[in-house]
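Step one of this worksheet: look at the structure below.
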Amino acid sequence: EYLDAVMAADGKEDGTATFGAFELSVQKFKAAHPHITLLKSLRSDGAVAYAGVEFAMGLALMTASNGLPVEKHHIGTSGNNKSSLDAHFASAGQAVGRLIDGGHHDADSERALAQAISACGIAKTTVVLFTADRSFKLDVNAIPNLTKMSKREFEKDPENDNRTCSIRMWQQTGWGVGAVVKLDALLTDEDHSAMPSATQREFGSSSTAAG
C-alpha cells in the first residue's frame, strides 16, 4: 500500500512538509489497520528533512490522537537506506512521464501532478494533495549536531505514557547510554500537544489491482 503525497503551495521540501506527508500516511494506515497501536521502528535515510528538528519533534509528539506513537527512528546516511518505496516513486515518475509524453495530460501545477499520478492507475496507490502547516515554533538550534544522530528513541512520561517527555539519541547506534534532550527545551509554543497537522485538500483515485 502506498500513499503519494503531493505538496501544494510553497513547495518547500523541509522537515515540516516531510512530517506532514508522513503523518497523513500514518493516519490512512491506521484507518485501514485499526488493530495496530504503535510504530515500533521507523527507518529513513539521512536527508536533512528526516534528520532535523522538525521531523524529530513531529515524531515525538505523535500519539494515538493524531496518528500512531513512534518508539524509535533509525537514520542512515543521506542517499542510502533505500527501500521498495524508492522503486515505487521511480515507477510513478516513469508512468507520469509516459502519460505526459503521450499528450494525455499536463502537469503544470501541484494539483495537475496529483491528478496525473492518479490517472496512471498505479497498483495499491492513493494520491493526496496537501498543504504543510508552518505555524509551529521550534528552537532549531536546541540540539547540537542533531543531524549526525543515527538513532532516536522517544521516551514516555512516567506519569502519562501517551506523551513523550524526552528524546534519547545516539550518534552510533548501541554505543553508550546516549544523549537525552527534554522536549520542553525544544518548544517555544505554550500549547505543544502535537505538531499542526497538514491540510489535506483532496484525494486522487486509489488503485487496488495487483501489478
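Distance between the modelled labels on Lys40 and Lys182, one decimal in nanometres: 3.2 nm (7 Å Cα→Cβ projection).
Give the lysines whose C-alpha is closer than 19 Å to that of Lys148, dropping any in the same chain fewer than 8 places away, or say none. Cα-Cα hits under 19 Å: Lys72, Lys82, Lys182.
When the C-alpha to C-alpha distance is required to be over 32 Å, the pairs from Lys40/Lys124; Lys124/Lys156; Lys12/Lys151 that qualify are Lys124/Lys156. When the alpha carbon gyration tensor of region 1-81 is reduced to an equivalent ellipsoid, its three semi-axes come out at 20, 16, 12 angstrom, largest first.
Taken together, the values in this text are just the output of simple stated rules run on the coordinates, not laboratory data. The structure displayed is predicted, hence computed values, not measured ones. Counting neighbours? That spans all protein chains shown, and the Cβs are built from the backbone with ideal geometry, glycine included.
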